[in-house]
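Here is the structure we will look at.
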Amino acid sequence: MLFGKTILVTGVASGIGARTANLAAQMGADVIGVDVREPANGSAAFIKGDLSTAAGVADIVAQLPTRLDAIANVAGLSGNTGIVSTLSVNFYGLRALSEAVAPRLREGGAIINVASIAGYGWRANLERAKALTGIDGFPDVAAVAAKHDLRDEEGYPLSKELLLLWTMRAAHQPLFKQRGIRVNAVSPGPVETPILKQFRAVLGDARVDSDITRVGRAGTSADIAPAVLFLCSDGARWINGANLAADGGLEASINAEVLGF
Ligand SMILES: NC(=O)c1ccc[n+]([C@@H]2O[C@H](COP(=O)([O-])OP(=O)(O)OC[C@H]3O[C@@H](n4cnc5c(N)ncnc54)[C@H](O)[C@@H]3O)[C@@H](O)[C@H]2O)c1
C-alpha cells in the first residue's frame, strides 16, 4: 500500500525514524529523510536540517519536492536539553514543517505524529495545552516558556501533550481537512533506542522500569514503524485525528489505574 508513495520521515538518523524509513523503502516507498545528524548508513534521499528553528524548517522545506504523499514526524528530543529546544523540535518545529508541507501533500495524504505515552496528561492539563497550541506559527519559544512559567523538567511531557491535542485540532484544520489530509498520532511506550537512556536520566529509572514491567518488555523500533506506516497508507483512509497507542498495553494499564476499573 506504500508502493510508489513519497514519504518524508524526520528523525531518520536513529531509532524509530531510521526503522520507519527502512521499512517504508522495503515496502516500495520513496523515502526522503530529514535529521540534524547524518544517518550512519543512509541510502534514501537525505536532507540535513534542524527542526528547532523557523529558519531551519524553511531550509528543509526549500529542499523538498513539490509533491509528497505523507509526512512521518518522528524526530524528537528527550527534554534533557531544556524546555525551549524540546518544545521547539517536538511541537512547534514539527507543526511548522507540517503546515509548510501541507500544500505539497496530495489530496488524501497523511501526517503521522510520533507522540508518546508521556503526553497522557493532555486532558488533565487541557487549558495549558489549548493556550500553547493556540499560538500560531513558530513563536519565540523562550518567550512562550517565560510567559507561561514553564519548567525544563516538564518540557518532554508537555511537548507530547501539545502534539496530541494538535493532532485532533489539525484533523479539522482547513489547511489539512479541505484536501482530505489525515492527521494522526502514534504513541509509543518505552522503546529501546538511544533516547531511552536520556529518559532514564530525565524521568528516573524507577518510572521507566515501572512502565516496562507493566507490559513485560520495552518496545523496539520494529514494533513502532509498522504502526506509523499503516497510518500513512490508504488502509487508514477513514482514520483521522486518532492516537494509536503502540505500547504493548501500557496506556490500557494506566487507564485502569487512573480511572479505577
Ligand atoms: N524511545 C522511546 O522510548 C520513545 C517513547 C515514546 C516516544 N518516543 C518518540 O519517538 C520519536 C523518535 O525517538 P527515538 O526513540 O527514535 O529517539 P532517537 O534519539 O533514537 O532519535 C531521534 C532523532 O531525532 C533527531 N533530531 C533531534 N533533534 C532534531 C532537530 N532539531 N532536527 C532534526 N532532527 C532532530 C535526532 O538526531 C535523532 O536522530 C521521538 O519523537 C520520541 O519522543 C520515543
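Computed from the coordinates by the stated procedures, all read-outs in this text should not be read as laboratory data. Source: prediction; values computed, not measured. In this analysis, Cβ positions are derived from the backbone assuming ideal geometry, glycine residues included, and neighbour counts consider all displayed protein chains.
For the reader, a short list of remarks on this structure follows.
- Residue among Asp209, Asp149, Asp69 with the largest mean-square fluctuation in a Gaussian network model of the chain, springs linking Cα atoms under 10 Å: Asp149
- Longest DSSP-loop-exposure-free segment, trypsin sites (Lys or Arg not before Pro), the chain, at most 16 other Cβ within 10 Å: 68-122
- Report summary: the helix-based calculation at 222 nm, which adds -39500 (n - 2.57) for every DSSP H run with n ≥ 4 and divides by the residues of the chain, gives -12500 deg cm²/dmol.
- For q = 0.08, 0.11, 0.12 Å⁻¹, Debye-computed log10 I/I(0) when each Cα of region 6-259 counts as one equal scatterer: -0.27, -0.53, -0.64
- Within a Gaussian network of the chain (alpha carbon springs, distance under 10 Å), most fluctuating of Asn22, Asn125, Asn73: Asn125
- Taking the chain as a Gaussian network of alpha-carbon nodes connected by springs under 10 Å, the highest mean-square fluctuation of the residues Gly248, Gly137, Gly17 belongs to Gly137.
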